[in-house]
Amino acid sequence: MLVSWSGGKDAAMALARVRSDPRWHVVGLLTTLTPAGRVSAHGLARAVIVAQAQALGLPLFEVSLPDAAPNALYEARLGAALAAAAARYQGLATLVFGDLFLADVRAWREALLARCGWQGLFPLWGEDTGALARRFISDGWRAVLCAVDTTRLDARFCGREFDAALLQALPASCDPCGERGEFHTCVYAGPLWRGSLALRRGRALSGDGRFRYLALAGVDRVEH
């Protein structure tokens, strides 16, 4: 199976979950990038995603899309990437997602994959997001908030460590895992990691006036 990889904590938790299950075998990560070479919602540069894949010891399959790509183009390019992966790994037809409870998103993914001859797996689905957030931290994963929707969460949260202090500080209106898009994270260390990514952090930058992104200039090295 492949894991849909955004660089964030939910993808990392989904990967950890399926890797702990002997029924499943993960062969790679799949990520979607903008023309600028970034994960759209997270704002992470391709260099960060590549370094994460290397730290996890997994090959990376990439889908390149223009900004605001129509669904037909997304489906075509995703289908091509899935076909390339399936040609490399015989019998490959499952894509893992870290979605938690947004039923409309899950239904859209499942319908799209079905048209490509694939199926989706959602190992974290329906679990309590507060418990998941706390387990992410207690299991030894480390992440930083790399994007914040300032209409849902104060911009000053951008750049903060995803830790117990952050969970305490989040307003009650904010999902602990940011599942409604309140924030996104960048994972830089964890129990599946080969060392820790030494990210070069810049200042928080505004997006389109609504979003605040953390400038991660790339990766200096993988520390062991």
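Would you pick out the residues in region 31-88 that are of a type in the set (Val, Ile, Thr) and in a helix (DSSP H, G or I)?
48, 49, 50
Could you tell me whether residue 79 is open to solvent by less than 60 Å² (accessible area, probe 1.4 Å), more than 14 Å from residue 27 (Cα to Cα) and touching a strand residue (DSSP E or B) at 6+ places or on another chain (Cβ under 8 Å)?
No.
Filter region 94-109 for residues that are open to solvent by less than 60 Å² (accessible area, probe 1.4 Å), within 22 Å of residue 7 (Cα to Cα) and without any contact (Cβ under 8 Å) to a residue 40 or more places away in the chain and give the result.
Within region 94-109, 105, 109 meet the criteria.
For region 180-198: of the residues being aliphatic (A, V, I, L, M) and buried (at least 21 other Cβ atoms within 10 Å of the Cβ), which is farthest from the chain's Cα centre (by Cα)?
197
Output the number of the condition that residue 59 fails; it satisfies all remaining conditions of (1) in contact with a strand residue (DSSP E or B) (Cβ under 6 Å, 6 or more places away or on another chain); (2) crowded, with 17+ Cβ neighbours inside 10 Å; (3) closer than 15 Å to residue 4 by Cα.
(2)
Take residue 203 and tell me if it is out of contact with any Lys or Arg (no Cβ under 7 Å at 6 or more places or on another chain), modelled with pLDDT under 95 and either open to solvent by less than 10 Å² (accessible area, probe 1.4 Å) or part of a loop (DSSP other than H, G, I, E, B) (or both).
Considered against the rule, which asks whether it is out of contact with any Lys or Arg (no Cβ under 7 Å at 6 or more places or on another chain), modelled with pLDDT under 95 and either open to solvent by less than 10 Å² (accessible area, probe 1.4 Å) or part of a loop (DSSP other than H, G, I, E, B) (or both), residue 203 comes out as no.
When you go through 145, 121, 132 one by one, which is the residue that is in contact with a Gly (Cβ under 9 Å, 6 or more places away or on another chain) and modelled with pLDDT of 90 or more?
145
List every residue pair whose Cβ atoms lie under 7 Å apart, where the two residues are 6 or more positions apart in sequence or sit on different chains, the first residue falls within region 110-130 and is open to solvent by less than 70 Å² (accessible area, probe 1.4 Å), and the second residue, located anywhere, is hydroxyl-bearing (Ser, Thr, Tyr).
118/94; 121/94
Failed condition for residue 163, given (1) farther than 14 Å from residue 10 by Cβ; (2) open to solvent by less than 60 Å² (accessible area, probe 1.4 Å); (3) at pLDDT below 95, with all others met?
(3)
The values are calculated or read from the model by the stated rules, or taken from the named source; none is laboratory data. Because the structure is a prediction, the values reported are computed rather than measured. Glycine gets a Cβ as well: all are built from the backbone with ideal geometry, and neighbour counts include every protein chain shown. In case anyone asks, the SASA skips ligands and DNA or RNA and just uses the protein heavy atoms, side chains included. Shrake-Rupley method; radii C 1.70, N 1.55, O 1.52, S 1.80 Å.
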